[in-house]
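Can you keep this structure in mind? I'll have questions shortly.
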Amino acid sequence: MKKVMIFGTGSSAQYVYDLLNYDVNLICYLENDETKINKNFNGKKVISPMELINYEFDYIIIASQYYKEIETQLLKLKIGKNKLINIFDFNCKLEKYEFFKISNIKIVNRGLDNKICVNKGLFKKIDLKVIGNSNILEIDNECNIVDVIININGENNKIIFENNVFLNNCNININGENNELIIKSYCSFDKTNFIYVKNCTKGKILISKATTCNGANLCVSDSNIEINFGSDCMLSEDIDIMATDTHSVIDNKTKKRLNISKSIFIGNHVWICKGAKVLKGVKIQEGSIISMNAVVTKDVDKNVIVAGNPSKVIKRNINWERELN
């Protein structure tokens, strides 16, 4: 049975505690905050790093955003680097330590200052690959992330999942710099691809609270282009939300590109039915319904139903509910 200590007493320390198997001996917690030393956390004593000389242990698990400073501090105290486990480090492969419950997250990091902050939740079959520097992945409490592939190629990109986000069988591909994917609380996405086309800069996909999706492709490219969903939207399956054509159309005379990417804005409580396509530059106002296989090329008023290719209004002054009454 391995003997471990946890450095920190915050939410990250609680997350590590929840990840530990029963066949591990948690000796104590470590803290630099003098107000917490000699108190208890999860029934274990909190000690100062200066007291380490009095203890035998196999590992110290660093559970703090100040992991670099803490690692330097412990190395100065002659603690071997092979005894330090840093959960915020992309290079740390938790699956190789038998005392963690988590065993299905594969992380490949080829860069500097990439950070992962994962709180309590269910994580299974996650494949994370990062090429580039200063990228961030933050997963808040009670998220359920299963069978998800995340590829980041670039710098200063950010992925944030707020609490109670559910992702199943999804792919996230970010290529470029300063891009963001933000999924707000209580969202659920299944069989969805989030795509940032090569050399995308400051692209953004924002999904507001309680939006659900059973299968879609969401695609942005170029600079300062976004896909923005309001709250409580409902997406069926086989849906394309395309803020770009992904290829260039060139005018033969001027040699200029004709099909410029444009942002897409979708209001609160919008229902997008199976097979629908929403193309670049479209704004859909709240409470509307996009019918099955509709191709939306122009703005949509609030509380209407649109259908067809290209879509047209077929009914006004409507609303909808998730429940079939």
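Read-outs: derived from the displayed coordinates by stated rules, not from any lab. On a predicted model such as this, the values are computed, not experimentally measured, just so you know. No Cβ is skipped: glycine too gets one built from the backbone with ideal geometry, and neighbour counts run over all protein chains shown.
If you take the beta carbon distance between Ile131 and Lys83 as r and set R0 to 41 Å, what does 1/(1 + (r/R0)^6) give as a FRET efficiency, to the nearest 0.05?
Efficiency, rounded to the nearest 0.05: 0.90.
In nm, to one decimal, how far is the modelled label at Lys274 from the one at Glu321, with both set 7 Å along Cα→Cβ?
My value for the distance between the label points is 2.4 nm.
Please state the charge dipole magnitude for the chain, taken about the Cα centre, from unit charges on C-beta atoms (+1 on K and R, -1 on D and E), reported in debye and rounded to the nearest 20.
760 debye
Continuing with the same structure: Would you calculate a helix-derived [θ] at 222 nm for the chain, using -39,500 (n - 2.57) for each DSSP H run of n ≥ 4 and dividing by the full residue count, to the nearest 500?
Only helices count here, giving -1500 deg cm²/dmol.
In which sequence would Lys255, Lys45 go, from the one with the fewest C-beta neighbours within 10 Å to the one with the most?
Least to most surrounded, the residues fall as Lys255, Lys45.
Seen from all sides and averaged, what is the projected area of the convex hull of the Cα atoms in the stretch 2-86, in nm²?
5.1 nm²
Just to be sure I understand: with springs between alpha-carbon atoms less than 10 Å apart, which residue in Asn268, Asn214, Asn309 has the highest mean-square fluctuation in the Gaussian network model of the chain?
Asn309
Given Lys115/Lys256; Lys280/Lys302; Lys158/Lys256; Lys39/Lys76; Lys115/Lys202, which pairs have Cα atoms separated by over 29 Å?
Over 29 Å Cα-Cα: Lys115/Lys256; Lys158/Lys256.
Could you let me know the centre-to-centre spacing of the stretch 19-37 and the stretch 110-172, using Cα atoms, in angstrom?
26 Å
Mind checking the dipole of the stretch 122-267: about its Cα centre, +1 per Lys or Arg Cβ, -1 per Asp or Glu Cβ, Debye to the nearest 20?
560 debye
Of all beta bridges DSSP finds with both residues in the chain, what is the antiparallel percent, to the nearest 5?
If I count the DSSP bridges inside the chain, around 10 percent turn out antiparallel.
Another question, then. Give the Rg/Rh ratio for the chain, taking Rg as the radius of gyration of the Cα atoms and Rh as the Kirkwood radius, to two decimals.
Taking Rh as the inverse mean 1/r over Cα pairs, Rg/Rh reads 1.08.
Using the Cα centre of the stretch 120-241 as origin and beta-carbon charges of +1 (Lys, Arg) and -1 (Asp, Glu), tell me which of Val130, Ile182, Ile172 is placed farthest towards the positive end of the dipole.
Towards the positive end, the residue furthest out is Val130.
Return Val249, Val16 ranked ascending by Cβ neighbour count within 10 Å, so the fewest neighbours appear first.
Lowest count first: Val249, Val16.
Please report Trp320, Trp271 as a ranked list, fewest other C-beta atoms within 10 angstrom at the top and most at the bottom.
Trp320, Trp271
Which residue, Ile250, Ile160, Ile47, has the largest displacement toward the positive end of the dipole of the chain when charges sit on each Cβ (Lys, Arg +1; Asp, Glu -1)?
Looking along the dipole axis, the top candidate is Ile250.
Still on this structure, please answer the following. Using the charge dipole of the stretch 104-316 (Lys, Arg: +1 at Cβ; Asp, Glu: -1 at Cβ; taken about the Cα centre), state which of Thr211, Leu112, Val197 has its Cα farthest towards the positive end.
Most positive-ward Cα: Val197.
What angle do you read, to the nearest 10 degrees and between 0 and 90, between the alpha-carbon axis of helix 67-76 and the longest principal axis of the chain?
The angle comes out near 20 degrees.
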